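The values are calculated or read from the model by the stated rules, or taken from the named source; none is laboratory data. Predicted, not measured: the structure shown is a model, and the values here were computed from it. Heads up, the Cβs are rebuilt from the backbone with ideal geometry, glycines too, and the neighbour counts pull from every protein chain shown. What goes into the accessible areas is simple: the full protein's heavy atoms, side chains included, and nothing from ligands, DNA or RNA. Shrake-Rupley method; radii C 1.70, N 1.55, O 1.52, S 1.80 Å.
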Amino acid sequence: MGIEAESISAQLAEYFGVKDGVLVRSVGKDSAAAKAGMKAATVITKVDGTSVSQPQEITRALRTLREKRTFPVIVVRNHKDMTLSVTLEASRTTGSSISIPRAVSAEDGETEL
């Protein structure tokens, strides 16, 4: 999707007005997330109807999409629920499969999706 994210602590969850979710730390320029309107300091609560509380759960949800290229992502921004429509680009090598991002661990505990 083109984001760096981390699990949200109880204190931050209270601050953002959510029970749980995944905090977006940064959004890659021209990524699927950026094109959908995702911004840093947004909390992702659901990916294609599946609740998420860990960055790895976003990765798992993306892997289960298989051939589905566009899917809803429920986020909380400014204490308001929003639904963003994220579209993944087709793989450049085959032109027909979806390029599924992998979680990459960073030194400070962040995850890139």
Among all residue pairs at least 6 apart or on different chains, which show Cβ distances below 6 Å where the first residue, located in segment 33-55, is touching a residue at least 24 places away in the same chain (Cβ under 8 Å) and the second is open to solvent by 30 Å² or more (accessible area, probe 1.4 Å) and assigned to a helix (DSSP H, G or I)?
43/16
Considering 53, 26, which residue is modelled with pLDDT of 85 or more, of a type in the set (Ser, Thr, Tyr) and part of a loop (DSSP other than H, G, I, E, B)?
53
So is residue 69 in contact with a Leu (Cβ under 6 Å, 6 or more places away or on another chain) and at pLDDT below 95 or not?
yes
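For segment 1-23, which residues satisfy the criterion of being touching a Pro at 6+ places or on another chain (Cβ under 8 Å) and in a loop (DSSP other than H, G, I, E, B)?
Start the filter on segment 1-23 by keeping residues that are touching a Pro at 6+ places or on another chain (Cβ under 8 Å), which leaves 1-2, 5-7, 22.
1, 2 - these are the residues of segment 1-23 that are touching a Pro at 6+ places or on another chain (Cβ under 8 Å) and in a loop (DSSP other than H, G, I, E, B).
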Would segment 25-35 turn up any residue that is touching a Leu at 6+ places or on another chain (Cβ under 7 Å), under 12 Å from residue 76 (Cβ atoms), crowded, with 21+ Cβ neighbours inside 10 Å and of a type outside the set (Lys, Arg)?
no
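Before we move on, is residue 27 touching a strand residue (DSSP E or B) at 6+ places or on another chain (Cβ under 9 Å), without any contact (Cβ under 8 Å) to a residue 40 or more places away in the chain and β-branched (Val, Ile, Thr)?
Values: touching a strand residue (DSSP E or B) at 6+ places or on another chain (Cβ under 9 Å): yes; without any contact (Cβ under 8 Å) to a residue 40 or more places away in the chain: yes; β-branched (Val, Ile, Thr): yes.
It is true that residue 27 is touching a strand residue (DSSP E or B) at 6+ places or on another chain (Cβ under 9 Å), without any contact (Cβ under 8 Å) to a residue 40 or more places away in the chain and β-branched (Val, Ile, Thr).
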